[in-house]
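A.B. asks: The structure under discussion is supplied below as structure tokens; questions concerning it will follow.
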Amino acid sequence: MSTPAGAAAYADGYLTEDHAFGDARAHGTSADAHPITPAGGAALSVLAATISAKAVVEIGTGAGVSGLYLLRGMASDGVLTTIDVDPELQRSARRTFLGAGYGPGRLRLINGMALDVLPRLTDGGYDLVVADAVPGEYPGYLAEAIRLLRPGGVLVLEGVLDGGRITEDSAGDGPGTAALRETADLVRDDERLLSALLPVSDGMLCAVRRDVPAP
């Protein structure tokens, strides 16, 4: 029987990443941007394709690995709005996207702090919101994502398991782990969201925005 680590390695190797992914992953790793795992990225592609996503917000561009996976699954005329505070990483991500054949009309890269940028985006205007950024800001990302998503839209919060720390005694939580734990509880308890925590990558918390009144 496979160990959990062996199973994760098998999942990551199930699909082969092409050179565009390899280059972006190498750059992201060297910049300590912690790119999403191949299995996690594949899950993003499937989620985007399942809802034929045309308007996607990504919080945390990094070097473009997760963005490539999102674009792969999105509708052919879909637009990826991706936000990051690091201009150099965003420039690298733009080169990656263009080099992979995604034209400028498919891309909207915004440099800035996510919690400053998100309030400027359109209420109910997005099919999918993905966050993989500052753990301590996840409660704020969640509040903005619920506002941005249309009914039937999907939320993905990446890295929620925090290397397993979220499963430990909450008395020892650091600020990032505490925020992730708070966010996981908020998602689970919000009647507007139908959620599942998937043991993919470092924990992928997914939820569908339902058309019900706010709690």
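The values are calculated or read from the model by the stated rules, or taken from the named source; none is laboratory data. The shown structure was predicted, so the numbers you read here are calculated from the model rather than taken from an experiment. With ideal geometry, Cβ positions are generated from the backbone for all residues, glycine too; neighbour counts draw on all protein chains shown.
A.B. asks: Looking at segment 13-30 only, could you name the residues that are under 13 Å from VAL65 (Cα atoms) and surrounded by 11 or more Cβ atoms within 10 Å (Cβ to Cβ)?
C.D. replies: GLU17, ALA20, PHE21, GLY22, ASP23, ALA24, ARG25, ALA26, HIS27, GLY28, THR29
A.B. asks: So which residues in segment 119-149 are part of a helix (DSSP H, G or I), charged (D, E, K, R) and surrounded by 14 or more Cβ atoms within 10 Å (Cβ to Cβ), if there are any at all?
C.D. replies: Initial filter on segment 119-149 (part of a helix (DSSP H, G or I)): 119-120, 135-148.
From what's left, charged (D, E, K, R): 120, 137, 144, 147.
If the condition is that a residue be part of a helix (DSSP H, G or I), charged (D, E, K, R) and surrounded by 14 or more Cβ atoms within 10 Å (Cβ to Cβ), then GLU137, GLU144, ARG147 are the ones that fit.
A.B. asks: Within segment 26-34, can one find any residue that is farther than 22 Å from GLY163 by Cβ and touching a helix residue (DSSP H, G or I) at 6+ places or on another chain (Cβ under 9 Å)?
C.D. replies: There is at least one residue in segment 26-34 that is farther than 22 Å from GLY163 by Cβ and touching a helix residue (DSSP H, G or I) at 6+ places or on another chain (Cβ under 9 Å).
A.B. asks: Can you name the number of the only condition in (1) surrounded by fewer than 20 Cβ atoms within 10 Å (Cβ to Cβ); (2) more than 17 Å from the chain's Cα centre (by Cα) that THR96 fails?
C.D. replies: (1)
A.B. asks: Could we say that GLY105 is loosely packed, with under 14 Cβ neighbours inside 10 Å, out of contact with any helix residue (DSSP H, G or I) (no Cβ under 8 Å at 6 or more places or on another chain) and on the phi > 0 side of the Ramachandran plot here? So that I can check it myself, show each step before the final result.
C.D. replies: Working: loosely packed, with under 14 Cβ neighbours inside 10 Å: yes; out of contact with any helix residue (DSSP H, G or I) (no Cβ under 8 Å at 6 or more places or on another chain): yes; on the phi > 0 side of the Ramachandran plot: no.
So GLY105 fails the test.
A.B. asks: Within segment 188-208, take every residue that is among the small types (Gly, Ala, Ser) and crowded, with 21+ Cβ neighbours inside 10 Å and give me the one that is farthest from GLY164 (Cα to Cα).
C.D. replies: Within segment 188-208, the first condition is being among the small types (Gly, Ala, Ser), and the residues that meet it are 195-196, 201, 203, 207.
Subset that is crowded, with 21+ Cβ neighbours inside 10 Å: 201, 203, 207.
On the way: SER201: 11, GLY203: 9, ALA207: 21 Å.
The extreme case among them is ALA207.
A.B. asks: For segment 137-160, give me each residue that is farther than 22 Å from ALA42 by Cα and either hydrophobic (A, V, I, L, M, F, W, C) or modelled with pLDDT under 95 (or both).
C.D. replies: Applying the first criterion (farther than 22 Å from ALA42 by Cα) to segment 137-160 yields 137-144, 146-148, 150-151.
Matches in segment 137-160: LEU142, ALA143, ILE146, LEU148.
A.B. asks: Further question: Condition first: within 22 Å of GLY99 (Cα to Cα), of a type outside the set (D, E, K, R) and touching a residue at least 24 places away in the same chain (Cβ under 8 Å). Now tell me which residues in segment 10-28 satisfy that. If you could, list the steps in order and put the result at the bottom.
C.D. replies: Just the residues of segment 10-28 that are within 22 Å of GLY99 (Cα to Cα), to begin with: 15-28.
Then drop every residue that is not of a type outside the set (D, E, K, R), which leaves 15-16, 19-22, 24, 26-28.
Matches in segment 10-28: LEU15, ALA20, PHE21, ALA24, HIS27, GLY28.
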